[in-house]
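These notes concern the structure reproduced below.
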Amino acid sequence: MQSTQTRFGRRLRASLGLLLGLACLNVGAQDINSVKPFLRCPSGSFLLEGAATASRLLHVARSDGQSTTLMSGFLTEFALNGIGFNPLDRRIYGKRGPNNSPTFYALGADGTFAGPFIVAGMTGNQANNVGDVDGDGYLHVLGGNAGAVGIAGSGGVAVVDVTPSRPTFMTVVRTYLRTAAPEIGTALGVDMAYNAGDGLFYSLRSSNGQIVTMNPSTGQVALFGTVTGMPGSYGAQYLTIDQQLLVIDNATGDQLRIDLRDPSLPVFAAGNVGITNMSNTDAAACPQQRFFAEPQVVPTLAPFGLALLATLLATGVAATRWRGKG
């Protein structure tokens, strides 16, 4: 017969083992299933601010620019950048600095995050801070090292699979180089936004107000149009399905809206509340969201339908009268 002390000792060791196992699960930061997805297609944008001492994730309302802090201080050495919202699994993905580190993180709706994921195929000198996720769940990350060639150079793009259900998750599945006519140039702005309407990436260039597109299939960069009176640097950019490009000025923290449906590219205030600490910013947003309310469709009857309805009503009335005479 076992003594009470022996039984207690075994229970204590079992309890300690269980706690140690749970602790190991919590340490397993690469578990993507621990990151809670956002519900459906969230409205507005998710603005990531970060410097060498802190990182902060904000939700910014698309209509009035009001911001709410979702996470703060979750990375204390370097910021994430080149972030994008994956419409397939509804999580945010981005690359962590320093620029020569091929590490990526995933952010969730409840303040959880997973990483670092060491992405196979990323070069060690991939100096980059621009990226977004396309409609198929791939994060396109632009190279920014002017002294390098290939995907790490200023014209290179690495395509990273950020959809966990695929076997190629967190690997570079494709690379391509940006091309453009000499008078256009291959440079983009300091952020880019995926357009779910035509499948292209859009970017507002700094200082000159040019909006350029990049074709992810060919790498072709083309001039879409020029916005007048748009000096500055816009490190946070996203597009809605009804073709509204929203940008946040790095200097003032003001949010502006550009209507891409109008050839004159008019600019509207979208909540100039002056978001603070606009240092090392980037934005991610669900590309299927609408800025304007979806128009209500009122059913109408064509002339033929009206005539048929009149005939049916008349026939019904006549039949009723005939049965009444029987």
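The values are calculated or read from the model by the stated rules, or taken from the named source; none is laboratory data. All figures in this text were calculated on a predicted structure; none of them were measured in a lab. As a convention, Cβ positions derive from the backbone with ideal geometry for all residues, glycine included, and neighbour counts pool all protein chains shown. Each accessible area value is taken on the protein alone, full model and side chains, heavy atoms only, with ligands, DNA and RNA left out. Shrake-Rupley method; radii C 1.70, N 1.55, O 1.52, S 1.80 Å.
Looking for something of a type outside the set (Ser, Thr, Tyr), more than 24 Å from residue 288 (Cβ to Cβ), touching a Phe, Trp or Tyr at 6+ places or on another chain (Cβ under 9 Å) and at pLDDT below 95 - is there at least one such residue anywhere in the stretch 241-256? Break it down into steps so the answer makes sense when it comes.
Quick first cut of the stretch 241-256, residues of a type outside the set (Ser, Thr, Tyr) only: 241-251, 253-256.
In the following step, the residues that additionally are more than 24 Å from residue 288 (Cβ to Cβ) were identified as 249-251, 253-254.
Remaining after also requiring touching a Phe, Trp or Tyr at 6+ places or on another chain (Cβ under 9 Å): 249-250.
Those left that are additionally at pLDDT below 95: 249-250.
Yes, the stretch 241-256 has at least one match.
Report, by residue number, each residue of the stretch 43-96 that is modelled with pLDDT of 80 or more, of a type in the set (Phe, Trp, Tyr) and more than 21 Å from residue 190 (Cα to Cα). None - no residue of the stretch 43-96 is modelled with pLDDT of 80 or more, of a type in the set (Phe, Trp, Tyr) and more than 21 Å from residue 190 (Cα to Cα), so the list stays empty. The criterion of at least 2 residues that are open to solvent by less than 10 Å² (accessible area, probe 1.4 Å) is met, among strands (runs of 3 or more DSSP E) falling completely within the stretch 182-272, by 201-204, 210-214, 236-239, 244-248, 255-259.
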